[in-house]
Amino acid sequence: MKILPALAALSLVIAPVLPAQDSDAAFIKANYTKHIARIAMRDGVKLFTIYYVPKDASPERTYPMVMERTCYSIAPYGETEYPAQLGPNRFMMRDKYIVVYQDVRGRFMSEGKWTNVRPILDAPSDPSQVDEATDTYDTIEWLLKNVPHNNGRVGQWGISYPGFFTTAGILSRHPALKAASPQAPVTDFYFEDFHHNGALTQGYFYTYPVFGYDSPTGPTSQPWFFNKMVQEGLPADYDFQLRLGALKHTTDRYYKDNYFWQELVEHPNYDQHWQERAIAPHLSNVKTAVMTVGGWYDAEDLYGPLKVYKTIEQKNPGIYNTLVMGPFRHGGWAAQNVVHTLHGDIWFGDSLETKFQRDVEAPFFEHFLKGAGDGKTGLPEAYMFDTGKKEWVRFAKWPADHAQWKSLNFEAGGRLAIDAAPDTGSDAFVSDPAKPVPGRCVGPSIEGFTMYQYMSDDQRCFSTRTDVLTYETEPLAEEVTLGGEIRIRLRVATTGTDADFVVKLVDVYPPTEKDHPYMPNRNIHLAGYQQMVRSEVMRARWRDGFDTPRPLVPGEVAEVPFALQDVLHTFKQGHRIMVQVQSSMFPVFDRNPQKFVPNIFTADDKDFIKATQTVYRNSSIQVQVLGAELRP
């Protein structure tokens with residue numbers, strides 16, 4: 001058993017722990033004055049707000065405001081207590097902005113009723129109709145009128161759930177909101193965070209108390225949910241979760257009274273409940289300059305930044321809309337004092353976090369909040385990190401217009417070919433829910449509170465399993481850069497009536513690969529390393545639509561279409577491209593019983609059965625490729 005440190009657990013939901021230098025804390029106290037306000041919204045609910053004003057602000061020296069709205073507490077709450085960091089990064093803190101923090105409605109010190117990913121109202125018609133966009137609008141109105149020496153310009157930023165509130169802020173369409181940066185924004189809980197393509201992200205097992213209980217005493221500065229947090233199961237997450245059995249036992253043992261968990265149980269399909277909480281369909285008529293930020297190895301919200309950027313781009317031609325994707329875990333780009341930027345075993349360079357904050361994030365806000373604001377920032381529309389070459393690449397848009405579609409083809413003997421004629425054969429494996437494929441070769445999938453490392457992990461232990469199909473190319477004669485989207489259409493059959501299919505894209509290093517100087521585990525070596533580049537799960541019951549589950553017919557061929565999230569990765573000369581196909585990835589995702597039941601959350605233990613899965617080699621894996629002559 002491992003006791004979860006409560007405060008650390010909460011910080012991990014938000015982003016990586018961000019150590020600040022002592023000099024930063026001293027600078028804040030010396031240069032900022034703290035103010036507290038309870039700002040009334042249009043329906044009378046008051047939201048607790050703290051804002052820090054530069055001490056040298058005056059009628060002659062005005063400052064713009066940058067704001068974060070969060071459900072994770074804006075502590076410290078005391079009038080004389082100051083945080084160790086202000087604003088998105090220390091560069092902006094030292095350049096000085098009026099920095100605003102707000103507890104969203106129903107959380108911590110704010111009044112009102114909390115609703116997870118509160119649905120957006122496109123045209124609220126009376127004061128009783130409120131959402132996160134109206135709350136943002138009302139907050140900005142109050143700040144402009146009541147915070148002295150502001151210059152009339154506002155920016156908003158936030159990571160993860162605060163990223164959702166930033167996207168909602170864009171939809172406030174307040175004319176003073178000049179710049180917004182949704183970072184790893186929660187965008188649709190059915191396709192990220194708690195689900196992937198509808199499959200439950202079981203790796204979120206420990207998070208539900210944070211979102212599924214209200215404070216019993218109303219507004220509070222204390223995290224009321226700590227006594228509801230599960231205090232067992234780590235680091236032996238695979239064994240612990242497997243012994244829990246069917247998900248109904250999780251309900252009965254831990255979360256029977258958790259209203260957010262009950263929402264998942266009661267809405268297993270992509271019904272109105274989830275559809276009305278998806279924020280991307282509302283992203284039209286955008287007036288704000290937007291810089292969306294994400295991490296290629298974000299195990300929580302990789303879907304969000306790509307979806308937000310692409311939707312704004314499609315629905316709002318001509319506005320300032322940019323995308324930044326780096327080699328980071330969830331929120332990793334906001335970390336401070338990082339010397340060597342690693343994810344898991346892979347080293348991507350030095351101080352990439354600092355360079356992003358100094359050279360990308362700070363200039364974006366400076367231009368629109370202090371500068372000309374004409375969009376001539378000098379930053380590219382898409383600033384994307386190639387995780388194979390380990391370098392930044394500038395694009396005029398994403399995906400690039402010049403990306404070419406190619407196919408990866410399964411062949412007999414575990415061979416993988418590029419743009420080859422379809423093979424007419426098939427391969428099969430037995431999937432046993434009693435012995436699911438683990439999420440990681442080494443260490444737990446759930447690390448402290450949620451998942452971090454598995455997305456770039458070594459896959460060597462899986463490529464020899466009998467319940468994993470493995471296909472790989474010969475060593476590449478020249479490098480191949482995958483840059484853009486990945487579309488899957490598996491042709492499968494099963495002896496069961498339901499199935500999951502996980503597809504992984506893997507970079508196989510040559511046996512001569514040398515270790516880098518900063519290997520975190522001296523027992524792991526890069527010679528022959530099989531680095532996961534991208535993976536995703538798809539539950540076959542939703543092959544015809546996520547709102548219409550349908551069983552498979554035993555022995556009948558079915559097409560299962562889905563997508564892997566985008567990549568920018570160069571497979572170097574001498575490396576191999578590998579694809580793995582399996583039917584479980586536990587406890588990252590919940591197990592499929594492989595017997596169709598209306599709701600897997602209420603399935604019995606006896607519903608879980610072995611099944612033989614057949615994958616036909618004329619399945620389609622379409623990738624976007626940037627050849628050497630196509631890279632910008």
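Specify the residue that is surrounded by the fewest Cβ atoms within 10 Å (Cβ to Cβ); the eligible residues are those in segment 146-164 that are under 25 Å from D374 (Cα atoms) and not polar (S, T, N, Q). Steps first, please.
Of segment 146-164, the ones under 25 Å from D374 (Cα atoms) are 149-158, 163.
Those still in the list that are not polar (S, T, N, Q) too: 149, 152-155, 157-158, 163.
Working: H149: 15, G152: 12, R153: 21, V154: 28, G155: 30, W157: 28, G158: 28, G163: 29.
Among those residues, the one meeting the criterion is G152.
Which residue is modelled with the lowest pLDDT, if the candidates are limited to segment 9-36 and must be under 24 Å from V147 (Cβ atoms) and in contact with a helix residue (DSSP H, G or I) (Cβ under 8 Å, 6 or more places away or on another chain)?
My answer is D24.
What is the one condition in (1) over 15 Å from I346 (Cβ atoms); (2) modelled with pLDDT under 95; (3) among the hydroxyl-bearing types (S, T, Y) that T494 does not satisfy?
Only one criterion is unmet by T494, namely (2).
Give me a count of the residues in segment 43-90 that are under 25 Å from the mean Cα position of the chain (by Cα), among the hydrophobic types (A, V, I, L, M, F, W, C) and open to solvent by 30 Å² or more (accessible area, probe 1.4 Å).
Within segment 43-90, residues that are under 25 Å from the mean Cα position of the chain (by Cα), among the hydrophobic types (A, V, I, L, M, F, W, C) and open to solvent by 30 Å² or more (accessible area, probe 1.4 Å) number 1.
Filter segment 224-241 for residues that are open to solvent by less than 30 Å² (accessible area, probe 1.4 Å) and either more than 27 Å from P438 (Cβ to Cβ) or outside any helix (DSSP H, G or I) (or both) and give the result.
Answer for segment 224-241, where residues must be open to solvent by less than 30 Å² (accessible area, probe 1.4 Å) and either more than 27 Å from P438 (Cβ to Cβ) or outside any helix (DSSP H, G or I) (or both): F225, M229, V230, G233, L234.
Are there any helices (runs of 4 or more DSSP H) wholly within segment 269-356 with 2 or more residues that are touching a residue at least 12 places away in the same chain (Cβ under 8 Å) and under 17 Å from the mean Cα position of the chain (by Cα), and if so which? It would help to see each step written out before you state the result.
Working: elements: 272-275, 303-315, 352-356.
Helices (runs of 4 or more DSSP H) meeting the threshold: 303-315.
Taking the stated definitions as given, is L121 free of Cβ contacts under 8 Å to residues at least 24 places away in the same chain and of a type outside the set (S, T, N, Q)?
yes
Looking only at residues that are part of a loop (DSSP other than H, G, I, E, B) and surrounded by 19 or more Cβ atoms within 10 Å (Cβ to Cβ) in segment 434-446, which one is farthest from the chain's Cα centre (by Cα)? Don't jump to the end; show me each part of the working.
The first filter runs over segment 434-446 and keeps only residues part of a loop (DSSP other than H, G, I, E, B), leaving 434-437, 439-445.
Those still in the list that are surrounded by 19 or more Cβ atoms within 10 Å (Cβ to Cβ) too: 436-437, 439-440, 444-445.
Details: P436: 24, V437: 23, G439: 17, R440: 19, P444: 19, S445: 16 Å.
Checking each candidate, the answer is P436.
Within segment 180-200, is even one residue touching a Lys or Arg at 6+ places or on another chain (Cβ under 6 Å) and of a type in the set (S, T, N, Q)? So that I can check it myself, show each step before the final result.
At the first step, the residues of segment 180-200 found to be touching a Lys or Arg at 6+ places or on another chain (Cβ under 6 Å) are 187, 198-199.
Checking the rest, the ones that are also of a type in the set (S, T, N, Q) come to 187.
Scanning segment 180-200 turns up at least one residue that is touching a Lys or Arg at 6+ places or on another chain (Cβ under 6 Å) and of a type in the set (S, T, N, Q).
Identify all residues within segment 416-433 that are surrounded by fewer than 16 Cβ atoms within 10 Å (Cβ to Cβ) and within 32 Å of the chain's Cα centre (by Cα); write none if there are none.
I418, D419, V430
Looking only at segment 424-451, which residues are at pLDDT 95 or above and acidic (D, E)?
D427, D432, listed by residue number.
Within the set of pairs 6+ apart or on separate chains, which have a first residue in segment 545-572 that is without any contact (Cβ under 8 Å) to a residue 12 or more places away in the chain, a second that is open to solvent by 60 Å² or more (accessible area, probe 1.4 Å) and among the charged types (D, E, K, R), and C-beta atoms under 6 Å apart?
Cβ pairs passing all conditions: R550/D544.
Kindly provide the set of residues from segment 380-395 that are touching a residue at least 60 places away in the same chain (Cβ under 8 Å) and open to solvent by less than 40 Å² (accessible area, probe 1.4 Å), ordered by number.
Residues satisfying the conditions are A382, M384, F385, D386, T387, G388, V393, F395.
For residues in segment 455-492 being of a type in the set (S, T, N, Q) and in a strand (DSSP E or B), which is farthest from H330 (Cα to Cα)?
To start, the set of residues in segment 455-492 that are of a type in the set (S, T, N, Q) comprises 456, 459, 463-464, 466, 470, 473, 481.
Okay, now just the ones that are also in a strand (DSSP E or B), so 470, 481.
Numbers: T470: 28, T481: 24 Å.
Restricting to residues being of a type in the set (S, T, N, Q) and in a strand (DSSP E or B), the top hit is T470.
Checking F462 against (1) free of Cβ contacts under 8 Å to residues at least 12 places away in the same chain; (2) open to solvent by less than 10 Å² (accessible area, probe 1.4 Å), which single condition isn't satisfied?
All conditions pass for F462, except number (1).
In segment 106-116, what count of residues is obtained for those that are open to solvent by 10 Å² or more (accessible area, probe 1.4 Å), in contact with a Phe, Trp or Tyr (Cβ under 9 Å, 6 or more places away or on another chain) and not hydrophobic (A, V, I, L, M, F, W, C)?
2
For the subset of segment 312-353 comprising residues that are open to solvent by less than 40 Å² (accessible area, probe 1.4 Å) and β-branched (V, I, T), which member is farthest from K376 (Cα to Cα)?
I346
Count, please, the residues in segment 125-139 that happen to be without any contact (Cβ under 8 Å) to a residue 60 or more places away in the chain and surrounded by 15 or more Cβ atoms within 10 Å (Cβ to Cβ).
Of the residues in segment 125-139, 3 are without any contact (Cβ under 8 Å) to a residue 60 or more places away in the chain and surrounded by 15 or more Cβ atoms within 10 Å (Cβ to Cβ).
This table checks each residue for (1) at pLDDT 95 or above; (2) outside any strand (DSSP E or B); (3) closer than 19 Å to I39 by Cα.
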| residue | (1), (2), (3) |
| --- | --- |
| R107 | yes, yes, yes |
| S128 | no, yes, yes |
| K145 | yes, yes, yes |
| G158 | yes, no, no |
| F164 | yes, yes, no |
| A179 | yes, no, no |
| F211 | yes, yes, no |
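Hey, does segment 234-243 have a residue that's of a type in the set (D, E, K, R), within 25 Å of the chain's Cα centre (by Cα) and within 17 Å of S160 (Cβ to Cβ)? So that I can check it myself, show each step before the final result.
Filtering segment 234-243 down to residues of a type in the set (D, E, K, R) leaves 237, 239, 243.
Remaining after also requiring within 25 Å of the chain's Cα centre (by Cα): 237.
Still in the running and within 17 Å of S160 (Cβ to Cβ): none.
No, there is no match, as no residue in segment 234-243 is of a type in the set (D, E, K, R), within 25 Å of the chain's Cα centre (by Cα) and within 17 Å of S160 (Cβ to Cβ).
It is to be established whether one or more residues within segment 606-616 are surrounded by 19 or more Cβ atoms within 10 Å (Cβ to Cβ) and under 24 Å from the mean Cα position of the chain (by Cα).
Checked against the condition, which is being surrounded by 19 or more Cβ atoms within 10 Å (Cβ to Cβ) and under 24 Å from the mean Cα position of the chain (by Cα), segment 606-616 yields no hits at all.
Filter segment 375-397 for residues that are in a loop (DSSP other than H, G, I, E, B) and touching a Phe, Trp or Tyr at 6+ places or on another chain (Cβ under 9 Å); which is farthest from M291 (Cα to Cα)? Steps first, answer last, please.
Initial filter on segment 375-397 (in a loop (DSSP other than H, G, I, E, B)): 375-381, 387-390, 396-397.
Narrowing further to those that are touching a Phe, Trp or Tyr at 6+ places or on another chain (Cβ under 9 Å): 375, 377, 379-381, 387-388, 390.
On the way: G375: 11, T377: 11, L379: 10, P380: 10, E381: 9, T387: 21, G388: 24, K390: 22 Å.
Out of the qualifying residues, it is G388.
Across segment 396-415, which residue is farthest from W347 (Cα to Cα) among those that are surrounded by 15 or more Cβ atoms within 10 Å (Cβ to Cβ) and among the hydrophobic types (A, V, I, L, M, F, W, C)?
Once the filter is applied, the top-ranked residue is F410.
With respect to I39, is the statement that it is more than 29 Å from the chain's Cα centre (by Cα), at pLDDT 95 or above and assigned to a helix (DSSP H, G or I) true?
Working: more than 29 Å from the chain's Cα centre (by Cα): yes; at pLDDT 95 or above: yes; assigned to a helix (DSSP H, G or I): no.
Taking the combined requirement at face value, the residue does not satisfy it.
Please state which of the following conditions V186 fails to meet, knowing it meets all the rest: (1) in a loop (DSSP other than H, G, I, E, B); (2) among the β-branched types (V, I, T); (3) over 21 Å from the mean Cα position of the chain (by Cα).
With (1) in a loop (DSSP other than H, G, I, E, B); (2) among the β-branched types (V, I, T); (3) over 21 Å from the mean Cα position of the chain (by Cα) applied to V186, the lone miss is (3).
Consider only pairs whose beta carbons are under 6 Å apart and that are at least six residues apart or on different chains; among these, list those whose first residue lies in segment 213-234 and is closer than 22 Å to T251 by Cβ and whose second residue is part of a helix (DSSP H, G or I) and open to solvent by 20 Å² or more (accessible area, probe 1.4 Å).
That search, which allows pairs on different chains as well, returns Y213/K228; F226/A6; V230/Y254; G233/F240.
The values are calculated or read from the model by the stated rules, or taken from the named source; none is laboratory data. Because the structure is a prediction, the values reported are computed rather than measured. Positions of Cβ are backbone-derived with ideal geometry, glycine not excepted, and every protein chain shown enters the neighbour counts. Ligands, DNA and RNA are excluded from the accessible area calculation, which covers all protein heavy atoms including side chains. Shrake-Rupley method; radii C 1.70, N 1.55, O 1.52, S 1.80 Å.
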